[in-house]
Each structure stands twice: as structure tokens, then as C-alpha cells.
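What follows is one structure encoded as C-alpha cells, with my remarks underneath.
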């Protein structure tokens, strides 16, 4: 199951539960944040019976800290970015 199966993921999404920083330095890109910014990727969990928004937030903090986004980020010099489709394709494990 992918993240897009249980959540709505898009840009400029003030109704989202939280957001993912989609551009910046390689260390900052992909970091989950609780403050709305129209340039961040918003995530709204649709299936709360399967996945709690706070659990997903802290899971994505772990994904960011493990360096997952550094491998996927595109760009040159000190500014990189991730795409909405990169976030939508995150695989969820039932464990």
C-alpha cells in the first residue's frame, strides 16, 4: 500500500494535517512541519481507521532523519527539491 492510498497529498493545501518541506538544502528538504506554507506539500490522512496523522508525522520525521529524501532530491548546488509524486509513492508497511 502506498501513502497516496490513505491520504490526500498536494501543494497549497491549508486543510492538511501537516506539510513536507519540498525545497531547500539537502538537509532541510523533506522535513515534516506543522506550519502551513503554500510551497510545502500538504498531507491529509483520509483513512484515520488505518493511519493516525500524528503517527504518520513522526514516521516521516524518521524517514527524513534516515536520509531517505537526500537520495531522491533533485537539483543542483545547494538548492534541491522533491516532487509530490515522490511523497505519494512512499510504501507503507503493515508492521
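Read through the list (1) farther than 21 Å from residue 65 by Cβ; (2) out of contact with any helix residue (DSSP H, G or I) (no Cβ under 7 Å at 6 or more places or on another chain); (3) in a strand (DSSP E or B), then give the number of the only condition that residue 10 fails.
Among (1) farther than 21 Å from residue 65 by Cβ; (2) out of contact with any helix residue (DSSP H, G or I) (no Cβ under 7 Å at 6 or more places or on another chain); (3) in a strand (DSSP E or B), the lone unmet condition for residue 10 is (2).
Given 15, 35, which one is without any contact (Cβ under 8 Å) to a residue 24 or more places away in the chain and either exposed (fewer than 12 other Cβ atoms within 10 Å of the Cβ) or touching a helix residue (DSSP H, G or I) at 6+ places or on another chain (Cβ under 8 Å) (or both)?
35 is the lone residue from the list that is without any contact (Cβ under 8 Å) to a residue 24 or more places away in the chain and either exposed (fewer than 12 other Cβ atoms within 10 Å of the Cβ) or touching a helix residue (DSSP H, G or I) at 6+ places or on another chain (Cβ under 8 Å) (or both).
Yes or no, residue by residue, for (1) more than 16 Å from residue 8 (Cβ to Cβ); (2) outside any strand (DSSP E or B); (3) modelled with pLDDT of 95 or more; (4) out of contact with any strand residue (DSSP E or B) (no Cβ under 6 Å at 6 or more places or on another chain):
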residue	(1), (2), (3), (4)
36	no, yes, yes, yes
44	no, no, yes, no
58	yes, yes, yes, yes
61	yes, yes, yes, no
75	yes, no, no, no
85	no, yes, yes, yes
93	yes, yes, no, yes
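Given the structure, is residue 5 exposed (fewer than 12 other Cβ atoms within 10 Å of the Cβ) and under 18 Å from residue 92 (Cα atoms)?
The answer is no for residue 5.
The values are calculated or read from the model by the stated rules, or taken from the named source; none is laboratory data. Quick caveat: nothing in here was measured; it's all calculated off a predicted structure. Virtual Cβ from ideal backbone geometry, glycine too; neighbours counted across all protein chains shown.
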